[in-house]
1. Among all residue pairs at least 6 apart or on different chains, which show Cβ distances below 6 Å where the first residue, located in the range 92-106, is without any contact (Cβ under 8 Å) to a residue 60 or more places away in the chain and outside any loop (DSSP other than H, G, I, E, B) and the second is hydrophobic (A, V, I, L, M, F, W, C) and surrounded by 16 or more Cβ atoms within 10 Å (Cβ to Cβ)?
2. Report, by residue number, each residue of the range 60-91 that is surrounded by 15 or more Cβ atoms within 10 Å (Cβ to Cβ) and part of a loop (DSSP other than H, G, I, E, B).
3. Could you tell me whether any residue of the range 29-37 is assigned to a loop (DSSP other than H, G, I, E, B) and either β-branched (Val, Ile, Thr) or farther than 16 Å from residue 147 by Cβ (or both)?
4. Looking only at the range 113-161, filter to residues that are part of a loop (DSSP other than H, G, I, E, B) and out of contact with any helix residue (DSSP H, G or I) (no Cβ under 8 Å at 6 or more places or on another chain); which one of those is modelled with the lowest pLDDT?
5. Output the residue which, of all residues in the range 1-49 that are surrounded by 11 or more Cβ atoms within 10 Å (Cβ to Cβ) and β-branched (Val, Ile, Thr), is nearest to residue 64 (Cα to Cα).
6. Could you grab me the full set of residues in the range 24-44 that are under 19 Å from residue 119 (Cβ atoms) and not hydroxyl-bearing (Ser, Thr, Tyr)?
7. Which condition does residue 107 not pass, out of (1) surrounded by 15 or more Cβ atoms within 10 Å (Cβ to Cβ); (2) closer than 20 Å to residue 30 by Cβ; (3) β-branched (Val, Ile, Thr); (4) out of contact with any helix residue (DSSP H, G or I) (no Cβ under 8 Å at 6 or more places or on another chain), if it passes all the others?
8. Looking at (1) surrounded by 13 or more Cβ atoms within 10 Å (Cβ to Cβ); (2) of a type outside the set (D, E, K, R); (3) over 27 Å from residue 11 (Cβ atoms); (4) in contact (Cβ under 8 Å) with a residue 24 or more places away in the chain, which one does residue 120 not meet, given that it meets all the others?
Amino acid sequence: MMDLRTEERQALDEYIIKKIEDRGVSLQQIGELTYFLQEKYYKDLTVDDCVHNVKAVLLKREVQNAILTGIQLDELAEKGMLDFPLQDMIAKDYSLYGIDEILAFSIVNVYGSIGFTNFGYIDKVKPGILRELDIKDDSKSVCHTFLDDLIGAVAAAAASRIAHSGKFD
């Protein structure tokens, strides 16, 4: 199995962040979601600490693969390039589809069971950018079926990383 060289790896790391930002989400916004999950447990925690942990999560290969896959599927749905019935299920964020959450689970799984709890909670309450991504606007041909769950999962994984670090205990 071939591994990416250092330069290619760095280019991929930068590409992942660019893809997320191109879809309208900043690392700061993901950091704010992470802060939302952890602020009541760590009084000295800052959003900057959370952004640092978001960046660390985004360096994980499994996380990058999930993000690339999900964003690509959202983009293909926007262009109407998927076959029926998958096109309709993704474009309309069909409630029983569920694969978007399954892909997000691959991210939270990197940091253990606390990640699942964090993800379930943030996916339910949808604070901040997650609420914006989840709103359907039929006047725009934008699809965030995967992106909202992936961003929530990155925030949940970063929150789990903070909890496991012991730094703020």
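1. Going by the 6 Å Cβ cut-off, the qualifying pairs are 100/146; 103/66; 104/150; 104/153; 106/66.
2. 60, 82
3. No, the range 29-37 has no match at all.
4. 139
5. So, considering only residues that are surrounded by 11 or more Cβ atoms within 10 Å (Cβ to Cβ) and β-branched (Val, Ile, Thr), the one nearest to residue 64 (Cα to Cα) is 16.
6. Of everything in the range 24-44, those that are under 19 Å from residue 119 (Cβ atoms) and not hydroxyl-bearing (Ser, Thr, Tyr) turn out to be 25, 27, 29, 30, 31, 32, 33, 36, 37, 38, 39, 40.
7. Status for residue 107: all satisfied but (4).
8. It is condition (4) that residue 120 fails.
The values are calculated or read from the model by the stated rules, or taken from the named source; none is laboratory data. All values reported here derive from a predicted model rather than from experimental measurement. Positions of Cβ are generated from backbone atoms using ideal geometry, with glycine treated the same way; all protein chains shown enter the neighbour counts.
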